[in-house]
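Comments concern the structure below.
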Amino acid sequence: MPDSPVSEAATTRVTPRSVLTRLGALGPLLGLLALAIVATLLNPDFLTVSNLSNVLTRAAFTGIIAVGMTFVIISGGIDLSVGSLAALIAGSMILIMNTLKTSLGAGVGTIALGMLAALAIGALAGLFHGTTITRGRIEPFIVTLGTLGIYRAVLTYLAQGGAISLDLDIGDRYSPVYYGRLLGIPIPILVFAAVALLGGLILNRTRYGRYVQAIGSNEQVARYAAINVTGVKIATYVLLGVCVGLATILYVPQLGSATPSTGLLWELDAIAAVIIGGTALRGGSGRIWGTVVGAVLLVTIGNVLNLTNIISVYLNAAVTGLVIILVAFFQRGRR
Amino acid sequence: MQAIKRFTLLSALLAGTALSQGTTKQVIGVSIPSADHGWTAGIVYHANQAKAALEKKYPNVQIIVKTAKDSSEQANQIQDLATVNKINALVILPQESAPLTRPVANVKAKGVFVTVVDRGLTDPKAQDAYVAGDNTAFGRVAGNYFVQRLGTAGGNVVVLRGIPTVIDNQRVAAFNAAVAKNPKIKVLDAKYGNWNRDDAFKVMQDYLTRFPKIDAVWASDDDMAVGVLRAIQQARRTDIKFVVGGAGMKEMIKKVMDGDAMMPVNVTYPPSMIADAMRLTVESRVTGKPMKATTIIPSVLVTKANAQQFYFPNSPF
């Protein structure tokens with residue numbers, strides 16, 4: 001970067017450019033606020049507690065995945081398979097719990113084992129991605145493009161193209177994990193907040209987090225600095241896999257079923273949330289809070305469109321695309 | 001010598017005509033979309049069931065079932081069926097109408113009898129016969145039920161649409177036309193749920209936020225009805241009297257059989273239509289009787305009284 005001394009000097013002084021840069025960092029938050037104001041003007045019901053809790057609960061699925069994705073993208077990688085993986089985990093988890101019911105009954109034990117299996121499958125998938133990418137030296141785009149197809153095909157096979165449904169008794173016991181509340185807040189929102197908090201701590205306050213950022217900004221230099229690049233990279237994929245497992249644990253009690261269209265395009269939502277949040281797609285730097293705002297922003301657009309009737313239903317995807325581009329535009333000063 | 005020659009010629013001619021008399025082998029190719037959601041899963045299931053049944057009934061018939069994930073794969077497949085497998089007839093449920101019209105026409109030009117199922121081609125000349133469900137009736141039958149059930153009191157109705165397609169437009173237009181006969185029925189809004197459980201859940205949640213009083217929901221599809229029911233359950237709303245899905249998912253037919261108050265009826269758009277198309281095609285090939293140019297499988301109202309005959313517990317859909 002030949003211009004880095006200049007930009008460093010610029011950030012130490014208060015120049016119009018540096019003000020813009022700081023405003024740009026707040027881009028996603030400002031975007032969300034603007035959207036919320038527009039939404040409230042269009043339909044006052046937007047600000048009701050029940051609607052906001054719907055929105056945040058929806059954001060929890062892709063949001064939790066996006067927190068893991070932030071690490072992968074900062075380290076210079078990408079994972080396209082998360083939506084398919086979520087579907088496969090959901091299906092496998094349901095089949096495992098249905099099978100366990102015959103020996104363990106529909107109790108907490110069965111559900112706990114199901115959850116454990118979800119996390120284990122996610123971690124294993126992440127381990128596979130990380131190992132193939134680093135030791136096998138295949139582009140992450142290619143590896144996860146491959147597994148994107150594999151996971152969804154295996155789920156479709158398991159479901160014979162139809163649906164895998166959770167046993168009704170287990171479903172009753174399990175449903176509070178999605179529908180339940182703690183201190184009046186839906187559980188998925190609490191888990192999302194905890195994951196985001198933990199993710200932020202790991203990224204900004206631990207040696208591992210700094211390694212991830214170092215590898216993303218310059219892998220060669222990181223290698224010379226004696227950072228275990230392979231290990232750190234594999235760990236980012238495992239972390240993401242666990243996040244997918246966690247998101248699926250919250251998702252399964254929602255509908256109690258997995259179909260071939262489960263988790264469809266979640267990978268794009270997760271990646272979009274990360275990028276809207278201000279993480280560079282080429283890696284090196286990023287923010288967890290930005291990712292959280294990005295995930296909420298994406299869900300809010302859909303919610304607003306459902307709450308109003310102004311725009312033709314054919315144009316919903318266009319509005320989403322426009323907002324993504326606008327938010328990215330307002331933070332371009334950071335690059 | 002001359003007599004022998006004449007005899008072989010005669011028998012060859014006889015064999016030629018026997019092609020349609022069922023004494024020689026008939027190869028039937030079946031090309032369908034791969035199972036990517038409930039309804040197509042039902043198509044694959046019923047196609048394989050029909051293959052087994054028809055091959056058992058007609059020993060000279062061989063049926064090859066192929067599934068394709070998109071139009072281009074399907075185009076390649078039917079080409080292979082014609083050139084490699086030398087099929088005599090093709091039963092095809094096209095992924096998309098326009099891109100497959102040309103490939104199907106090519107196969108027909110080679111002398112293969114073509115039966116098109118459900119999604120019509122852009123040029124009907126590319127087919128010999130057409131077997132389809134009735135999308136207009138699918139919407140109309142549901143709409144008529146709303147008119148009759150809500151009666152003179154009327155009520156507020158919300159609609160979930162599928163994916164933006166001609167099929168969805170036909171269904172929704174027919175539903176709207178039917179409920180328009182009762183001015184007391186108000187359709188509050190119709191948004192896309194993409195024939196998907198999760199999307200339907202979200203759209204219904206937002207309808208529930210937006211509209212304080214909803215009397216009934218036309219989910220227009222059983223997969224979407226699953227999401228709709230969950231959203232209502234979560235919001236603990238008691239104003240909604242009933243939800244009508246459609247297409248005949250076994251869980252939903254079961255609810256109708258059991259007299260579930262929220263799911264009083266269903267409207268068929270049966271994936272078993274592929275089996276009907278295969279049976280009609282094979283029968284016409286074997287007996288030599290011509291097949292009707294157009295066969296419409298009616299969409300009927302499933303009630304507690306007749307639900308039993310639409311219940312396939314072993315189907316994945």
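The values are calculated or read from the model by the stated rules, or taken from the named source; none is laboratory data. Bear in mind the structure is a predicted one, so any value in this text is a computation, not a measurement. Glycine also receives a Cβ, built like all others from the backbone with ideal geometry; neighbour counts cover every protein chain displayed. Note: areas computed on protein heavy atoms with side chains; ligands, DNA, RNA excluded. Shrake-Rupley method; radii C 1.70, N 1.55, O 1.52, S 1.80 Å.
Among the listed residues B:VAL286, B:VAL282, which satisfies the condition of being among the β-branched types (Val, Ile, Thr), modelled with pLDDT of 90 or more and open to solvent by less than 70 Å² (accessible area, probe 1.4 Å)? Give the derivation first.
Values: B:VAL286 fails: modelled with pLDDT of 90 or more.
Criteria check complete, one pass: B:VAL282.
Pairs only if they're at least six apart or on different chains, beta carbon under 7 angstrom, first in segment A:299-310 and within 15 Å of A:LEU47 (Cα to Cα), second buried (at least 22 other Cβ atoms within 10 Å of the Cβ) and β-branched (Val, Ile, Thr); list them, first residue then second.
A:VAL299/A:VAL55; A:THR300/A:VAL55; A:ASN303/A:VAL55; A:ASN306/B:VAL203
Among the residues of segment A:158-177 satisfying the criterion of being surrounded by fewer than 23 Cβ atoms within 10 Å (Cβ to Cβ) and facing chain B (nearest Cβ under 9 Å), which is farthest from A:SER53 (Cα to Cα)?
A:GLN160
Limited to segment B:61-115, what total is found for residues that are among the basic types (Lys, Arg), under 22 Å from B:THR165 (Cβ atoms) and either at pLDDT 85 or above or surrounded by 21 or more Cβ atoms within 10 Å (Cβ to Cβ) (or both)?
At the first step, the residues of segment B:61-115 found to be among the basic types (Lys, Arg) are B:66, B:69, B:86, B:102, B:108, B:110.
Adding the requirement that they be under 22 Å from B:THR165 (Cβ atoms) leaves B:69, B:102.
Imposing the further condition that a residue be either at pLDDT 85 or above or surrounded by 21 or more Cβ atoms within 10 Å (Cβ to Cβ) (or both) reduces the set to none.
Final tally of qualifying residues: 0.
Taking the criterion of being within 14 Å of chain B (Cβ to nearest Cβ) and more than 26 Å from A:PHE192 (Cα to Cα), would at least one residue in segment A:94-111 satisfy it?
no
Given A:LEU201, A:LEU239, which one is assigned to a helix (DSSP H, G or I) and either in contact with a strand residue (DSSP E or B) (Cβ under 7 Å, 6 or more places away or on another chain) or exposed (fewer than 15 other Cβ atoms within 10 Å of the Cβ) (or both)?
Numbers: A:LEU239 fails: either in contact with a strand residue (DSSP E or B) (Cβ under 7 Å, 6 or more places away or on another chain) or exposed (fewer than 15 other Cβ atoms within 10 Å of the Cβ) (or both).
It is A:LEU201.
Applying the selection to segment A:48-66, what residues are open to solvent by 50 Å² or more (accessible area, probe 1.4 Å) and either within 11 Å of another protein chain (Cβ to nearest Cβ) or not in a helix (DSSP H, G or I) (or both)?
So in segment A:48-66, the residues open to solvent by 50 Å² or more (accessible area, probe 1.4 Å) come out as A:49-50, A:52, A:56.
Listed by number, the residues that qualify are A:VAL49, A:SER50, A:LEU52.
Can you tell me how many residues within segment B:289-317 are under 22 Å from B:LYS255 (Cβ atoms), exposed (fewer than 14 other Cβ atoms within 10 Å of the Cβ) and of a type in the set (A, V, I, L, M, F, W, C)?
Residues meeting the conditions: 1.
Those residues that are surrounded by fewer than 22 Cβ atoms within 10 Å (Cβ to Cβ) and among the basic types (Lys, Arg), I need them from segment B:182-201; list them, please.
B:LYS184, B:LYS186, B:LYS191
Among the residues of segment B:144-155, is any under 15 Å from B:PRO33 (Cβ atoms) and either surrounded by fewer than 21 Cβ atoms within 10 Å (Cβ to Cβ) or touching a helix residue (DSSP H, G or I) at 6+ places or on another chain (Cβ under 9 Å) (or both)? It would help to see each step written out before you state the result.
Step one: filter segment B:144-155 for residues under 15 Å from B:PRO33 (Cβ atoms), giving none.
No, every residue in segment B:144-155 fails to be under 15 Å from B:PRO33 (Cβ atoms) and either surrounded by fewer than 21 Cβ atoms within 10 Å (Cβ to Cβ) or touching a helix residue (DSSP H, G or I) at 6+ places or on another chain (Cβ under 9 Å) (or both).
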